[in-house]
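Q: Encoded as C-alpha cells, here's the structure I'll be asking about.
Every read-out reported here was derived from the displayed coordinates using simple, explicitly stated rules and does not represent laboratory data. Small disclaimer: the values here were computed from a predicted structure and weren't measured. Here the Cβ positions follow ideal geometry from the backbone for every residue, glycine too, while neighbour counts run over all protein chains shown.
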C-alpha cells in the first residue's frame, strides 16, 4: 500500500510542477540573429525551422517573420547545495545558455534556495509516469533488501557491491560521449571568408560565440559539445582540412589563434 501511495504522489506532484502548453507563434528576426540562435531560444532545431518556414537555406534577414511551434514545458526547480547551472542543465537535458536566458542571468553564479525556470520539450506525462514507476520499483528493491539482510547477509553484500557499477554507467550516459581530437584555431580573417559559417551563423555579428568547425561524419553539425580548454560550444562550421578526429576552434583574434596553436584535446559530445 505504501508503494502505491508514493507512486501516485509523485505523479500528482509532477503534473502540478510542470506546466505544459502547445504553442504556435510568429517571431520577428532581429539584427545579428541566426537560425541557430532562434532554435536555441525556442527549444527546436535549425532543421525544424527550415522545414516549418519552407526555407531553402539557413540565411535569414532582420524583420523577417518566422513561425515556430511545438510543446513547451515550464518547470520551477530550487537550487540545492552543490548545484551548478551545468549540473542542472545535464539533469534536464538543456544547455547552460538556455538556463541563463530563461532566468535572465548574466553570469553562471547561482545560490542555494534560488528558484530557476526550465522550459523545454524533454519532459512529458509519459516520462513522469515512468519516473514514478522507477521510484516504486526502487521502493520494492529496498524492502526486499531489508528482508534479505536477515536471511542471507552474504547475498546482500554481493548485490550492494554491484550497485556502484550501475551508477557509474548512468553518469557516463548523462555526460555524453568523449573523443580525443587534434585541434587548431581559426578566425574570420584566417578563414578568408565572409564570416558566415556552414550553419548560417554570422561570426562578425557574434564575435564571442563558442563554435567549432568539425567533420560532420564524426560530430554532426548543430551538436552541442564541451571542448577541453575551450568550454561549451556548438558544432557550427566545416572546413576543407577538417577530416576525421580533427576540429578547428573559433576565436575572435589572431593572437588567440596563435596562442592556441595545435593541441590534442578531449571533446564531449552531448
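Q: I need 210, 270, 115 ordered by Cβ neighbour count within 10 Å, fewest first.
A: Placing the least packed residue first, the sequence is 115, 270, 210.
Q: Okay, next question. Pull up the DSSP beta bridges for the stretch 177-269 and report the antiparallel fraction as a percent, rounded to 5.
A: Of the beta bridges lying entirely in the stretch 177-269, close to 70 percent run antiparallel.
Q: Rounded, prolate or oblate: which fits the stretch 191-233, taking a ≥ b ≥ c as square roots of the Cα gyration tensor eigenvalues, rounded meaning a/c under 1.5, else prolate when a/b beats b/c?
A: oblate
Q: Something else about it: Which percent of the Cα-Cα distances in the stretch 177-269 go past 22 Å?
A: Counting every Cα pair in the stretch 177-269, those more than 22 Å apart make up 16 percent.
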